[in-house]
Amino acid sequence: MLELEELERSENGTCILGGVTARFAPGKLYAVLGRTGAGKTSLMKAIAGMQALDGGTVRHNGEDWAKRPPWKRAVAMVYQQFINYPHLSALDNVAFPLVRRGLRRREARERARRELERVGLGSMVDRRPSQLSGGQQQRVAIARALVKDAPILLLDEPFVNLDYKLREQFREELVGLLGAETGTVALYATTEPREALQLGDEVLLFHEGRLLEQGEPRALFAAPSTVEAARVLSDPPMNLLPIEVRAGAGNLGSLGAVGEGTRIAELPDGRYHLGLRAGDLTVGGELSGEVVLTEVSGSETITHLDTGDHELVLQEKSVVRHEVGTRVHFQPHWEAALVFGEDGRLLHGRREGGHG
């Protein structure tokens, strides 16, 4: 069991880690999600002992690690960059930590060979990093981490420098690799909500050094506790619409009235915010907006629309070319909307079986 209690760190008055408390059980993969600078890497470095803390405690199986130096912590870490020794073969790169630990070179190389086979590099053990592609180099780095048999595995955006197709392939492979590590606590840092929701047994949402929320992916997606948590979980950005409700209905101007058949009808009079994800708007319908920007991401299209009094983001699961300045008709699926109070706290989550 890995336990973090009130981890604190600041630099020049900026919060790097702000009172982070969390528990991690063996045999699970924890996705640590947040934008760049949210504190994900600092969290992992604090666990590994590579970053000093202003306060708080890191415990492993009840032992306080405050006085345990990094090289004595049972941690393996994979970084964004492909950190391999250029003068060593793939085999010797993976065997290096075992040899350094005192294992005989022959046995270390045998174990290293097995790990390279696990990551699909069994035929490339004699190649040096310069003879490997970026994806192959990252496989070597992952094999070197796994060969240590460390009870804590930290993966800091390990696929961020790979192309889209390689990332998709590696995600699937990683789940299979870690599935065999039943006694391992694995933390995987990412800026991508979809990746976190796909990979994590649990997801931790970070923003500006603070842990907003931790939970099971489906539950977090359906009911993030705050507007900020919903934003961290949403890529493309969530459409957040202010609405004033009177007698079970609210007017959204160019988007029309919202009430009957939605959660709005259940609300007392007052001001609220509706959170509508980009995938909960579909092309076709009576409403329309002018195209401001179109982005293609992998096999999806993200379109930014201006309706006159609202700026909306619409997501299509195909590659489509909407010319800037043209109009696109769309339909919001209000039954899928999240409802937040004026204070930003969730009042109603996504209805079971909602659109998308």
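The set of residues from the range 60-107 being in a helix (DSSP H, G or I), within 31 Å of the chain's Cα centre (by Cα) and β-branched (V, I, T) comprises just one member, V94.
Restricting the range 314-334 to residues that are touching a Ser or Thr at 6+ places or on another chain (Cβ under 6 Å) and closer than 26 Å to A265 by Cα leaves a set whose member that is surrounded by the most Cβ atoms within 10 Å (Cβ to Cβ) is L314. I need the full set of residues from the range 290-304 which are buried (at least 17 other Cβ atoms within 10 Å of the Cβ), closer than 30 Å to E342 by Cα and touching a His at 6+ places or on another chain (Cβ under 8 Å), in order please. Result: V291, T303.
Report whether or not V185 is touching a residue at least 60 places away in the same chain (Cβ under 8 Å), more than 21 Å from G37 (Cβ to Cβ), among the hydrophobic types (A, V, I, L, M, F, W, C) and assigned by TED's automatic domain parsing to the domain that holds A22.
Working: touching a residue at least 60 places away in the same chain (Cβ under 8 Å): yes; more than 21 Å from G37 (Cβ to Cβ): yes; among the hydrophobic types (A, V, I, L, M, F, W, C): yes; assigned by TED's automatic domain parsing to the domain that holds A22: yes.
Yes.
Here Q214 fulfils each of the conditions (1) in a strand (DSSP E or B); (2) buried (at least 20 other Cβ atoms within 10 Å of the Cβ) apart from (2). May I ask you to verify whether T303 is in a strand (DSSP E or B), touching a Leu at 6+ places or on another chain (Cβ under 6 Å) and not assigned by TED's automatic domain parsing to the domain that holds R218? Taking the combined requirement at face value, the residue satisfies it.
When residues in the range 235-289 are screened for being on the phi < 0 side of the Ramachandran plot and not in a loop (DSSP other than H, G, I, E, B), 35 of them pass. So is R23 in contact (Cβ under 8 Å) with a residue 60 or more places away in the chain, charged (D, E, K, R) and either crowded, with 21+ Cβ neighbours inside 10 Å or not in a helix (DSSP H, G or I) (or both) or not? When the stated conditions are applied, R23 does not pass them.
For T41, the conditions (1) assigned to a loop (DSSP other than H, G, I, E, B); (2) touching a residue at least 60 places away in the same chain (Cβ under 8 Å); (3) of a type in the set (S, T, N, Q) all hold with the exception of (1).
The values are calculated or read from the model by the stated rules, or taken from the named source; none is laboratory data. Computed from a predicted structure; not experimentally measured. Heads up, the Cβs are rebuilt from the backbone with ideal geometry, glycines too, and the neighbour counts pull from every protein chain shown.
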